[in-house]
Amino acid sequence: GGSVHWWVFEPSRAHKQIAEAVGLTPGRRLLQMRRPLPLEPEIVAEISDFLTEPFEPGRDEQPWLDLNNAAFSQHPEQGGWTMDTLRSRMQQEWFDASGFRIHRHNDVMDSFCWTKMHHENNIVIGEIYVIAVQPDSAGQGIGRKIAIAGLDSAFQKGADHAMLYVDADNASAVAMYRSLGFSVHHEEHSFVGKIAPNEVTS
């Protein structure tokens, strides 16, 4: 037995009826948001004094883990990462430290924007893969600035569109991304439930 998470792209009434019939209840709602790049000059100008640098393997792993796990302490997927989790991502073909932007305050990492490049049909998309601000630094506009830095970095690396996923109920994050020109491309919903051992078939 165990938990079931059924993710559906743009769920219809039929998907919801099937979920209900098998005892699954609505779970997370993710929005995929997109916008074209480059950012408008007035937006890029907001980070004229906000300096970032690329993630440096061999130096930044532990500080990044500490920040990530503090920022996502209640998150079902992004919280609780270990060094092995991080290193497994760093070994993927898509990993590029130059697109993993870090900001420091008084030499302490206080935010990051980890971007990832995709090729879709004839466009190059820069995804905000993970972004976070140290909880003690929240509410100071750092999240917006590190997002701009990540998006500008993706454009400099050849992206002509940007995308990200955000929980639909994270109103402050959705509002911030809308203010940066993002709009909803599509929704993905999860339906969750439990399966008893005798319900599992081979």
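The values are calculated or read from the model by the stated rules, or taken from the named source; none is laboratory data. The shown structure was predicted, so the numbers you read here are calculated from the model rather than taken from an experiment. Note that we place each Cβ from the backbone using ideal geometry, even for glycine, and neighbour counts take in every protein chain shown. For the accessible areas, the whole protein counts, side chains as well, though only heavy atoms, and no ligand, DNA or RNA atoms are used. Shrake-Rupley method; radii C 1.70, N 1.55, O 1.52, S 1.80 Å.
For region 80-114: of the residues being open to solvent by 40 Å² or more (accessible area, probe 1.4 Å) and among the β-branched types (Val, Ile, Thr), which is farthest from residue 137 (Cα to Cα)?
82
Since residue 77 meets every condition but one in (1) over 13 Å from residue 130 (Cβ atoms); (2) open to solvent by 60 Å² or more (accessible area, probe 1.4 Å), which condition does it not meet?
Just one mismatch for residue 77, condition (1).
As an exercise: evaluate residue 20 against (1) buried (at least 17 other Cβ atoms within 10 Å of the Cβ); (2) at pLDDT below 80 and give the number of the one condition it does not meet.
(1)
Which of the strands (runs of 3 or more DSSP E) contained wholly in region 79-163 include at least 2 residues that are under 13 Å from the mean Cα position of the chain (by Cα)?
Details: elements: 100-105, 108-120, 123-133.
In region 79-163, 108-120, 123-133 are the strands (runs of 3 or more DSSP E) which contain 2 or more residues that are under 13 Å from the mean Cα position of the chain (by Cα).
Looking at region 147-166, is at least one residue loosely packed, with under 13 Cβ neighbours inside 10 Å and of a type in the set (A, V, I, L, M, F, W, C)?
Checking region 147-166: not a single residue is loosely packed, with under 13 Cβ neighbours inside 10 Å and of a type in the set (A, V, I, L, M, F, W, C).
Take the residues in region 169-180 that are over 17 Å from residue 41 (Cβ atoms) and in a helix (DSSP H, G or I), then tell me which one is most open to solvent (accessible area, probe 1.4 Å).
178
For residue 166, indicate whether it is outside any helix (DSSP H, G or I) and either at pLDDT 95 or above or in contact with a helix residue (DSSP H, G or I) (Cβ under 7 Å, 6 or more places away or on another chain) (or both). Don't jump to the end; show me each part of the working.
Values: outside any helix (DSSP H, G or I): yes; either at pLDDT 95 or above or in contact with a helix residue (DSSP H, G or I) (Cβ under 7 Å, 6 or more places away or on another chain) (or both): yes.
So residue 166 passes the test.
Of everything in region 26-44, what is modelled with pLDDT of 90 or more and open to solvent by less than 30 Å² (accessible area, probe 1.4 Å)? Give them in sequence order. Lay out the reasoning, then the answer.
Restricting attention to region 26-44, the residues satisfying the condition of being modelled with pLDDT of 90 or more are 31-44.
Within region 26-44, 31, 32, 33, 35, 37, 39, 43 qualify.
Suppose we keep only residues that are out of contact with any strand residue (DSSP E or B) (no Cβ under 9 Å at 6 or more places or on another chain) and either farther than 16 Å from residue 91 by Cα or of a type in the set (Ser, Thr, Tyr) (or both) within region 45-58. Which one would you say is most open to solvent (accessible area, probe 1.4 Å)? Quick ask: steps written out before the conclusion?
We begin by selecting, within region 45-58, every residue out of contact with any strand residue (DSSP E or B) (no Cβ under 9 Å at 6 or more places or on another chain); these are 45-49, 57-58.
Still in the running and either farther than 16 Å from residue 91 by Cα or of a type in the set (Ser, Thr, Tyr) (or both): 45-49.
On the way: 45: 58, 46: 64, 47: 25, 48: 96, 49: 117 Å².
My answer is 49.
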